Structure formats: structure tokens, C-alpha cells
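Notes follow once the structure below has been shown.
The values are calculated or read from the model by the stated rules, or taken from the named source; none is laboratory data. Treat the numbers as computed from the prediction; the structure is a model and nothing was measured. All Cβ positions, even for glycine, are placed from backbone atoms using ideal geometry, and neighbour counts span all protein chains on display.
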Amino acid sequence: MAQETTTADTQSDGPDIHNLMASQVIGIHEQTFGQKFWYVLRRWPVVPIAILVAMLLAAVFAPLLSPTGPRDINLRGRAAPPFWNQEWYDDNPKNEQRYLLGADHVGRDVLTRMLYGARISLMVAIISLTAGVVVGSAVGLVAGYYGGFIDEFSMRTVDVWNALPFLLIAILAAVTFGQSVSIVMILLALIAWAGGVRNVRAEVLTLKTRDYIALARISGASDFRIIMRHILPGVVNTIVVLATLRVGGLILAEASLSFLGAGIPAATPTWGNMISEGREWLSTAWWIAVFPGIAILLVVMSVNFFGDWLRDRWDPKLRQL
Amino acid sequence: MRKYLIQRFFFGVLSLVAATLIVFVLSRAQGDPLLLYAKPGGYGVSPEQIAALEAKLALDRPLMVQYLIWLGRIVRGDMGETLLSERAVSDVIGEKLGATMQLGLLAWLFATFVGVPLGVLSAVKRGSVWDYIGRAFALFGQAAPVFFLGIIGILLFAVQLGWLPAGLRPVQDPFWPSQAKALVMPTIALGWLPAAVYLRLTRSAMLEVLDSEYVKLARAKGASGRAVIWRHALRNALIPPITVSALVLVGFLEGSVVVEAVFAWPGIGRMAVESIHNNDFPLLTGVILMFAVLYVVGSFIADIAYTIVDPRIRYD
């Protein structure tokens, strides 16, 4: 606030003795553009948000952006390197296409597959996260609000649940039921729900002793109404922060499952599948595996960074997570 | 305290039952395990032999009865035989356990001795270059998929530079430096994420503790800077990292499945994935049981350690 007023004043005409003194007294100096730039960059997660928005747009508009189809093969462009390798393109004049990030072992464009992969990976993460968070929050709300046996039962279930070796169970389920996108989403939702229950419950426990809850009850509000209208708004911050901090883990889990051959069916381009396939061609065509890996890295990093920032602003109590 | 421990034990056992039951049901839904021996058409296995096998494995009984039979054997310390090699499950697991434990232990050492000191450093020198290095290390470790770290490592250090082997522990090679070399990349791939977790927890706990009254008192009475940081502050700042150690342990088990696949490591994780694909349910159930036991025991130890490092905590 103070900064804005002083900068506005000093802009009037040259060095003004009043403003000079005022700004010196409160220890504020005129910020250069560079300083302002860094200030904004440090205070707001500009870069992570930009990356995430770009990825989301890329996923949504994948068919418009990509030069080829995700399954279009071009045997002349087998293992074509990224665009900067002029030598290769000179040596293979029969290949008419130029690949921005190279092509894989059957000449499918890596960039195109990454764009389509973003669709699957982000969709799976978002849907399973939503399902998991809704269930987890509901359990936390109910357990915290009603207490007693319900509370005890749900908390113990969460304990038992957390002790299950999910990666192996997920592989087993994929082998049993066959690989499909919906199986992966169900599995990830099953992993996700138990994560935040405890925090939500703890929050509810403190909220429900507040006077306004007692007043709501006296005025005849039903339990459901109290939970939805009076308690939920108080824990929504916690829920959103926990969910944001969880997205990265889900994207990684999906990629790991796909990598182990137990996730999304291999024909579908996802980032995990691409790395898994590209692994075999690592020594001759590193770009097949490396670019999707960088995409995962960037997205998860951005989401985590954004989650940290959100937590520090909205719910600093969760700092230990 | 005793009541808490008994309760804890009870729910630990419940976790084990839940985990193994899920595996039992899922693996049975996968298909007839006898197909491992013979396709329905025959291949020289007579119906009588199939029937005998079915009876031997108790596959003709209802699923719950089968589970109870398995449970009864487990209680007596008998994990049964694997279907594929017809050897005792405990022997097969025992053979592979060493390689995984070796990796897990090294990764844990890496995580602790990189994560905790870097966390202290970035808290003490907050805002300095060290702080930025530490935070970048943590951000990267939490975002990079374990298998991608492994692949990049192989690409750089095995394919391009040729410094380290791309995996496959050279068991037949008695010369130890090559053994040690093969361990470097898997250890870092597996240990980076927990190192990042330790770093973040240590850093935030240190920042909090360094601001507390008793640290100010220690400084005021003239203790040296180093003593304040390492003796007074770190001791309390270690509580959060210790509490997540159980989760770190689970992370190793799950991570070992991926890391062993990347580096062709002859350990439990790879064996578990193979047993799933072979529908070798006695072996798979045994491995899952072991994973769950390790987790339950690990979190139990973490709880106890918690009360030792922080005597204010009482489980009543």
C-alpha cells in the first residue's frame, strides 16, 4: 500500500524533498522494473501456474495443435531425432516430415503423443483425485462430527488401509481385470481417499465445539445441514490444499503403473507408457523416453510448488505435510 | 501405554489379514492357477493329475476355506510352496530379500545423510545459496518419477559416459568395486524422494525450533553456534522426520518394485511382479504378507521412537 502511494507521488516532478524524506523515513525506495519483476515472481507462483495452464490447454487442444495423429506411423521417419539434428535430416532425404521432438521407433511423432498423453494423464489424475477427495472428505466430516463408534471405525479403517501395499495390489488388479483407463482411475481413487481423512477430521473436531454450531443446532438445523452449511465451509481450505498437494503423487503413481505395464493399455499414448517404450531405445533414440519424462517432471513440480504456496497462504497448519 | 500397544498390535494384525485377503480374492479372480501346469486342452496332464493337484492345493474348496487353511499354515510358520518352482515360499523370499534389503538400507542412509544435513543447512542459512540448492533438490526429488531418474541415470552414466553399469548386479564378479559401482545409481534413484521428504521436514522443523525460547536461552548462556544448532535445535527438529520414517519404509518397498524393474535388480520387488504375471498366488500372498508386516512393524517402531525423542507424547 505505502509503496504505491510513494511511487505515485515521486513520479510527479524530479527529486522532491518531501517525498524523498518520507520514503527514507519508512525505508522504502523506488523499485526498478527488475526488482518489481522479482518481487512478483517470488510472491506469486507465476511460473508454475503458467506451466500448468499451458499443459491443460495443450491437453484440451491436442488434436488442433499436433501435426500428426497419435498413432500415425511413418517408417521413413523411424527414430528421427529432434529438429536440431540437421545431419540426420540431410542423410534421410526420403523422410519428408520434420519432427520437433523426434519420432519413436515406428516414426510416430513424440510431441503429438505427448500432447495426447497429457489428455490421458491429466484426466486420470483429476478424476481420480476428485473421487478420492470427495469420499475422503465425507468420511472425515462424518467421523469428526459424529464421533464415537463411527469415528473409531473410520479412523481404524484408514489405518488398516494405509498399511496395504498398493502398488502390488494395483498390478494384481490390472492383471486380473485387464488394463483399462477406468481400472487405473478406480485404483488411484482408492489410493487417494485415505490421505486427507485425518486432517479433515481434526479440523472438524475443533470446529464443532464452536458456539455457532451449537446455535445452529438450537435453531433446529439438521445434522446434514450443519455439516454441509456450517462445517464444510470451514474445512474447505484444508481440503483444497490437501488435494493440490496430492495431484503430483497421483500423476506419478499413474506413470509408475503404466511403466510397469499395469496401467493404461500400451497402445494408448500416456507419458508413463512412452517412457516405458522409449526405455528399449535409450541408447539409440533417447528422445522417446526423455521428453515425456521432462513433461511429468515439470507438471508435478509445478503442482507441488503451487500446492506449497496455497498451503502457506490458506492453511499454514499443514506445513508439516 | 500398554492398552495402546495392545490396540496397535490388534489393528496391525487386522491390516495383515486385509492385505492378504484382498490378494487371495483378486488372484483367484484372475483365473485358475492350475493353468500354470496345464492348458484346459491337456498337454499330457491327465484329468486325474489335475484333480489331485486341485485337492493338494485345496482349490476345490470355497475361497474362504482356502484362505483359512492358508492362515492356519501361516500361524504355524509355513508359507507353503510356490507353484512355479515348487519350492518353499520362505526360501524363495529369503534368497531375494538380501538384494532388496541392501538397496533399501543404502537408500535410507543416502536419504538420512543427505536429507537431514541439507535440511539443517538450508534452515540455518535461510535465503542463502544453500537454501536454494536444498529446496531445488527437494522440489526435484519429489517431482521426478523414480523410474525416470533411473533411466536418465542409465542414459548419462552408463550409455554416454560409461562410468557405471546399467544394472544387473555382477554377482559372479568377486572384485568389490564393480559391485559398489552397480549400487550407486539404484541407491540414488530410490533414495532421492525420501531424502527430499527428510529435507523438507527437517528444514521446516528447524526454522520453527530455531525461533523458540529455549534456543534463544542456549544462545544467551553462551553456547557456541554449532552446539546450539546440532545439540539443542536438531534434537527437537528430528521429531517430524522420525515420524515419517515408517512411510519412508513403505516408499522403499514400493520404490523397490520400480527400481528393480529399471536396473534388473534380483530382489523382492521384481519377483513380486513376476509372481503376479505367473499367477503364482502362494508366492504373491507371501510377498504381500511380508510387505505388510514390514510396514506394520515399521510404523510401530516409529511410534515408539516418537515417545523416546519426544517424552511429552504419551499414548493413553
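What's the number of the only condition in (1) in contact with a helix residue (DSSP H, G or I) (Cβ under 9 Å, 6 or more places away or on another chain); (2) in contact (Cβ under 8 Å) with a residue 24 or more places away in the chain; (3) not basic (K, R) that A:T284 fails to meet? Looking at each condition in turn, A:T284 falls short on (1). On inspection, A:V290 qualifies as free of Cβ contacts under 8 Å to residues at least 40 places away in the same chain and either surrounded by fewer than 24 Cβ atoms within 10 Å (Cβ to Cβ) or not acidic (D, E) (or both). Filtered by the rule that a residue be assigned to a loop (DSSP other than H, G, I, E, B), free of Cβ contacts under 8 Å to residues at least 12 places away in the same chain and under 20 Å from A:G248 (Cα atoms), region B:113-144 gives no residues.
Is it true that B:I242 is surrounded by fewer than 21 Cβ atoms within 10 Å (Cβ to Cβ), in contact (Cβ under 8 Å) with a residue 24 or more places away in the chain and β-branched (V, I, T)?
Yes.
Do we find that A:T112 is of a type in the set (S, T, Y) and surrounded by fewer than 24 Cβ atoms within 10 Å (Cβ to Cβ) in this structure? Taking the combined requirement at face value, the residue does not satisfy it.
One residue stands out in region B:109-142 among those that are under 15 Å from B:L207 (Cα atoms) and of a type in the set (S, T, N, Q): the one that is surrounded by the fewest Cβ atoms within 10 Å (Cβ to Cβ), namely B:S128. Looking at region B:200-217, is at least one residue crowded, with 20+ Cβ neighbours inside 10 Å and either under 20 Å from A:L252 (Cβ atoms) or acidic (D, E) (or both)? The answer is yes; a qualifying residue exists.
If we scan region B:179-199, do we find a residue that is within 20 Å of B:V309 (Cβ to Cβ) and within 13 Å of another protein chain (Cβ to nearest Cβ)? Checking region B:179-199: at least one residue is within 20 Å of B:V309 (Cβ to Cβ) and within 13 Å of another protein chain (Cβ to nearest Cβ). The condition (being within 21 Å of the chain's Cα centre (by Cα), within 14 Å of chain B (Cβ to nearest Cβ) and more than 30 Å from A:L65 (Cβ to Cβ)) is satisfied by just one residue among A:A194, A:A173, A:A163: A:A194.
Assigned to a helix (DSSP H, G or I), at pLDDT below 80 and under 22 Å from the mean Cα position of the chain (by Cα): does that describe B:R28?
Numbers: assigned to a helix (DSSP H, G or I): yes; at pLDDT below 80: yes; under 22 Å from the mean Cα position of the chain (by Cα): no.
Spelling it out, it is not the case that B:R28 is assigned to a helix (DSSP H, G or I), at pLDDT below 80 and under 22 Å from the mean Cα position of the chain (by Cα).
State whether the residues of region A:250-270 include one that is without any contact (Cβ under 8 Å) to a residue 40 or more places away in the chain and under 30 Å from A:A214 (Cα atoms). Checking region A:250-270: not a single residue is without any contact (Cβ under 8 Å) to a residue 40 or more places away in the chain and under 30 Å from A:A214 (Cα atoms). The residue that is nearest to the other protein chains (Cβ to nearest Cβ), among those in region B:261-289 that are closer than 18 Å to B:Q66 by Cβ and small (G, A, S), is B:S275.
Rundown of residues vs (1) at pLDDT below 85; (2) among the aliphatic types (A, V, I, L, M); (3) in a loop (DSSP other than H, G, I, E, B), yes/no style:
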position	(1), (2), (3)
A:R201	no, no, no
A:Y212	no, no, no
A:R217	no, no, no
A:I226	no, yes, no
A:R229	no, no, no
A:L242	yes, yes, no
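The lone criterion from (1) surrounded by 19 or more Cβ atoms within 10 Å (Cβ to Cβ); (2) closer than 30 Å to B:I268 by Cβ left unmet by B:Q102 is number (1). Can you find even one residue in region A:234-249 that is buried (at least 21 other Cβ atoms within 10 Å of the Cβ), more than 9 Å from chain B (Cβ to nearest Cβ) and over 19 Å from the mean Cα position of the chain (by Cα)? Yes; the residues of region A:234-249 include at least one that is buried (at least 21 other Cβ atoms within 10 Å of the Cβ), more than 9 Å from chain B (Cβ to nearest Cβ) and over 19 Å from the mean Cα position of the chain (by Cα).
On the given criteria, is A:L188 touching a helix residue (DSSP H, G or I) at 6+ places or on another chain (Cβ under 8 Å) and more than 20 Å from A:P269 (Cα to Cα)? First the steps, then the outcome.
Details: touching a helix residue (DSSP H, G or I) at 6+ places or on another chain (Cβ under 8 Å): yes; more than 20 Å from A:P269 (Cα to Cα): no.
For A:L188, the condition - touching a helix residue (DSSP H, G or I) at 6+ places or on another chain (Cβ under 8 Å) and more than 20 Å from A:P269 (Cα to Cα) - is not met.
Residues that are assigned to a helix (DSSP H, G or I) and more than 10 Å from every other protein chain (Cβ to nearest Cβ) were ranked within region A:259-287; the one that is surrounded by the most Cβ atoms within 10 Å (Cβ to Cβ) is A:M274.
The rows are residues; the columns are (1) in contact with a Lys or Arg (Cβ under 6 Å, 6 or more places away or on another chain); (2) in contact (Cβ under 8 Å) with a residue 60 or more places away in the chain; (3) part of a loop (DSSP other than H, G, I, E, B).
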| position | (1), (2), (3) |
| --- | --- |
| B:Q66 | no, no, no |
| B:I74 | no, yes, no |
| B:S85 | no, no, yes |
| B:E95 | no, no, no |
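Condition check for A:E254 on (1) surrounded by fewer than 23 Cβ atoms within 10 Å (Cβ to Cβ); (2) within 14 Å of another protein chain (Cβ to nearest Cβ); (3) in a helix (DSSP H, G or I): one failure, at (1).
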